[in-house]
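Structure record follows, encoded as structure tokens.
Read the figures in this text as sums done on the coordinates, not as results from a lab. Please read these numbers as outputs of a predicted model, since none were measured by experiment. Don't worry about glycine lacking a Cβ; one is built from the backbone with ideal geometry, like all the others, and counts go over all protein chains shown.
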Amino acid sequence: QKAEWEELKDAKTVTADGVHFDLAANIGTPKDVAGALDNGAEAVGLFRSEFLYMDASELPSEDDQFEAYKAAVEGMNGKQVVVRTMDIGGDKELPYLPLPEEMNPFLGYRAIRISLDRQDIFRTQLRALLRASHYGQLAIMFPMIATVNEFKAAKAIYVEERTKLIDAGVPVAEKLEVGMMMEIPAAVMNGDHLAKYADFFSIGTNDLIQYSMAADRGNEQVSYLYQPYNPSILRLIKMVIDTAHKEGKWAGMCGEMAGDQIAVPILAGMGLDEFSMSASSILKTRSLMKKLDTTKMKELADKAVTDCETNEEVIALVESYMK
Ligand code: PEP
Ligand code: MG
């Protein structure tokens, strides 16, 4: 197995019938880039930028952020780095940015909701990202988008900052994709509309599952409801992929599920374009994909969303296919 993985490190991810999928890494800081490449990442599908904020004692300056994003894109050597704008709130706090006490922090003031409210913080981050985009293949995505208006508002602020930088003669990438996380069921249901404005979707299953099942992702007592293969979740995922493709956009996944060996055959069958996971799961997943046939996986995915009624039935179905 070690020898096979060593060989797979520099290989593309291709199925038995020759279809390519992108296997990307989730990172928290530019220091993680080395590990991502070492594990054969074809891109960074999620750079959780909030760690820059959490590791600091005050709001990181535009220059500090610029250096971090630049280091990440340069380190990836032309491979794409998708940076998610600050996703604070929920269970992530900043000591220097007191947030209101809330009954339901996961349903409250977090992520893009803070960014649209605290535009000073948001604009600083966007300028840093735009400046770094000149040094490699950078993409931006917004977390926790629930509505078309939120995406449009965030995109408009991005366009303003971009225009200002260009007018000031600062180099920014000519082509920079701006997409969004799909992690709120309401956004999934409006996917056809959102796909007109977003350049790509990245499915955040960690949150999408908790919001769909109304079960706190950190609460042990309701963890039995955390069911990634429940047909309800699979149907939402399929909607995201289909609505993206209808508008000619790509769909990825950066939640835990993207590296889950039961989920991967189904997701490949649905045509998910990019799988972003912890670096340590990449080679295992590439090895699995080599054995998959997309025609069979499509049949598997169709069966899972139409015939199966439960999480358990889907697991059994995948296991029988993999035999
Ligand atoms: C997710 O929700 O699936 C995700 C990738 O984001 P986070 O885990 O950081 O909330
Ligand atoms: Mg999330």
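Quick notes
- Between 0 and 90°, nearest 10: helix 119-132 axis offset from the chain longest Cα axis: 70
- Under the Karplus curve 6.51 cos²θ - 1.76 cosθ + 1.60, θ = phi - 60°, whole-Hz ³J(HN,Hα) for the range 192-207, x wherever Gly or Pro sits: 4, 6, 4, 5, 6, 9, 8, 7, 6, 10, 10, 7, x, 5, 4, 7
- DSSP-defined beta bridges in the range 1-146 - what % are antiparallel, rounded to 5: 25
- Legend: ranking of residues V159, V264 from fewest to most surrounding C-beta atoms inside 10 Å; resulting order V159, V264.
- The GNM of the chain, with springs linking C-alpha atoms under 10 angstrom apart, assigns the highest mean-square fluctuation among L107, L23, L116 to L107.
- Largest GNM mean-square fluctuation among T124, T13, T163, using the chain with Cα springs under 10 Å: T163.
- Beyond 28 Å in Cα-Cα separation lie the following of the pairs K92/K246; K79/K246; K303/K323: K92/K246.
- Nonlocal amide H pairs with G179, under 5 Å, H built at 1.01 Å: I140, M141, F142, D199, F200
- Residue among A111, A195, A156 with the largest mean-square fluctuation in a Gaussian network model of the chain, springs linking Cα atoms under 10 Å: A156
- Gain on full stretching of the segment that runs from A168 to D64 - 0.36 nm per residue minus C-alpha separation: 35.4 nm
- Cross-link reach is defined here as a Cα-Cα straight distance under 17 Å, omitting same-chain residues fewer than 8 places apart; for K31 the aspartates and glutamates meeting it are E42, E50, D55, D64, E67, E74.
- Candidate aspartates and glutamates for bridging to K152, where Cα separation is under 15 Å - those fewer than 8 sequence places away on the same chain excluded: D117, E160, E161, E177, D192, D199
- Per-residue HN-Hα couplings for the range 105-116 [Karplus 6.51, -1.76, 1.60; θ = phi - 60°; Hz; x = Gly/Pro]: x, 5, 9, x, 7, 8, 6, 4, 5, 5, 4, 6
- Label positions at H134 and V19, each projected 7 Å from the Cα along the C-beta direction, are separated by 4.1 nm.
- With both residues required to sit in the chain, DSSP beta bridges show an antiparallel share near 10%.
- Over the chain: helical MRE at 222 nm, DSSP H runs n ≥ 4 each giving -39500 (n - 2.57), nearest 500: -14000 deg cm²/dmol
- Taking trypsin sites (Lys or Arg not before Pro) across the range 145-208, the ones in a DSSP loop with at most 11 further Cβ atoms lying within 10 angstrom of their Cβ are K175.
- Degrees, to the nearest 10: 294-306 long Cα axis against longest axis of the chain: 90
- Coupling constants for the range 134-144 follow from the phi torsions by the Karplus curve (6.51 cos²θ - 1.76 cosθ + 1.60, θ = phi - 60°), and in residue order they are 5, 9, x, 9, 9, 10, 10, 9, 9, x, 6 Hz; glycine and proline get x.
- You can think of it this way: the chain between K323 and S280 has 13.0 nm of extra reach, that is 0.36 nm per residue less the Cα-Cα gap.
- Length-normalised contact order of the range 47-119 in % [C-alpha pairs under 8 Å, at least 6 apart]: 34
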